[in-house]
1. I'd like the full set of residues that are charged (D, E, K, R), within 16 Å of L173 (Cα to Cα) and touching an Asp or Glu at 6+ places or on another chain (Cβ under 9 Å), limited to segment 83-125.
2. Test each condition in (1) closer than 26 Å to A176 by Cα; (2) open to solvent by 30 Å² or more (accessible area, probe 1.4 Å); (3) assigned to a strand (DSSP E or B) for H14 and report the one that comes out false.
3. Across segment 41-65, which residue is surrounded by the fewest Cβ atoms within 10 Å (Cβ to Cβ) among those that are within 18 Å of T130 (Cβ to Cβ) and in contact (Cβ under 8 Å) with a residue 60 or more places away in the chain?
4. Identify all residues within segment 20-47 that are of a type outside the set (A, V, I, L, M, F, W, C), more than 23 Å from D175 (Cα to Cα) and either within 14 Å of the chain's Cα centre (by Cα) or assigned to a loop (DSSP other than H, G, I, E, B) (or both); write none if there are none.
5. For T130, state whether it is within 22 Å of G41 (Cβ to Cβ) and β-branched (V, I, T).
6. Given the structure, is G25 out of contact with any strand residue (DSSP E or B) (no Cβ under 6 Å at 6 or more places or on another chain), under 24 Å from H159 (Cβ atoms) and surrounded by fewer than 17 Cβ atoms within 10 Å (Cβ to Cβ)?
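The values are calculated or read from the model by the stated rules, or taken from the named source; none is laboratory data. Quick caveat, the model's predicted, so the values are computed rather than measured. Cβ: placed from backbone, ideal geometry, glycine included. Neighbour counts: every protein chain shown. Keep in mind that these areas ignore ligands, DNA and RNA; they rest on the heavy atoms of the full protein, side chains included. Shrake-Rupley method; radii C 1.70, N 1.55, O 1.52, S 1.80 Å.
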Amino acid sequence: MRRSLKTRETLETHVKVDLNLDGSGRSNVNTGLGFLDHMLGSLARHGLMDLEVEARGDLEVDDHHTVEDVALTLGEALREALGDGKGIRRMAHAMVPMDESLATVALDLGGRPYTVLELEFSGARIGDVTSDNIGHFFESFAASAAINIHASVRGSNDHHKAEALFKALAMALRDAVRVEHDMIPSTKGRL
């Protein structure tokens, strides 16, 4: 089973992530941020991964540290759950419409962290999450998972745009982690 349990403790947060890549889309998420919980639940459901997240952060300051540390811990869990990556498809993409919004995510699990984002939100917040932290989540996740993510979204409703992004990430991950053969998908012999 491709599963990982990771924790992260700092002066600002305590995060625990339990990730099973071969799950059924089940989630139990409690970060103290309702919108982030909603996005992570969507990630699990559409990625067909089982995900448990428990986070306590300095929300009296703002949401930045919690969003960042959840993303970093989730990325570490993904990296560990993939192991050597033997047999995975590795590269994938997804386009997800949500009403007037359209999100595209392309990714490569090949061990080279890089993020290119084309995201614009009209409001300062989406629910209880600062709009800027949506992009920061993607950057932090990509860095700690050592993956390359290109993500873009267009539309007029910030909630729809963010949700379409997380669903596109989920579907691209679901496809990229799929086992198709018995080789390591890299000319270097490792991810």
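1. Within segment 83-125, K86, R89, R90 qualify.
2. Against the list (1) closer than 26 Å to A176 by Cα; (2) open to solvent by 30 Å² or more (accessible area, probe 1.4 Å); (3) assigned to a strand (DSSP E or B), H14 comes up short only on (1).
3. First, pick out the residues of segment 41-65 that are within 18 Å of T130 (Cβ to Cβ): 55, 57-65.
Imposing the further condition that a residue be in contact (Cβ under 8 Å) with a residue 60 or more places away in the chain reduces the set to 62-64.
Details: D62: 13, D63: 23, H64: 17.
Here the answer is D62.
4. Of all residues in segment 20-47, those of a type outside the set (A, V, I, L, M, F, W, C) come to 20, 22-28, 30-32, 34, 37-38, 41-42, 45-47.
Retained after the next criterion (residues that are more than 23 Å from D175 (Cα to Cα)): 30-32, 34.
Once the filter is applied, which keeps residues that are of a type outside the set (A, V, I, L, M, F, W, C), more than 23 Å from D175 (Cα to Cα) and either within 14 Å of the chain's Cα centre (by Cα) or assigned to a loop (DSSP other than H, G, I, E, B) (or both), segment 20-47 yields T31, G32.
5. Details: within 22 Å of G41 (Cβ to Cβ): yes; β-branched (V, I, T): yes.
In short, yes.
6. Criteria not met by G25.
Quick grid of which residues meet (1) hydrophobic (A, V, I, L, M, F, W, C); (2) on the phi < 0 side of the Ramachandran plot; (3) surrounded by fewer than 17 Cβ atoms within 10 Å (Cβ to Cβ); (4) within 15 Å of the chain's Cα centre (by Cα):
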| site | (1), (2), (3), (4) |
| --- | --- |
| G75 | no, yes, no, yes |
| G85 | no, no, no, no |
| E120 | no, yes, yes, no |
| G155 | no, no, no, no |
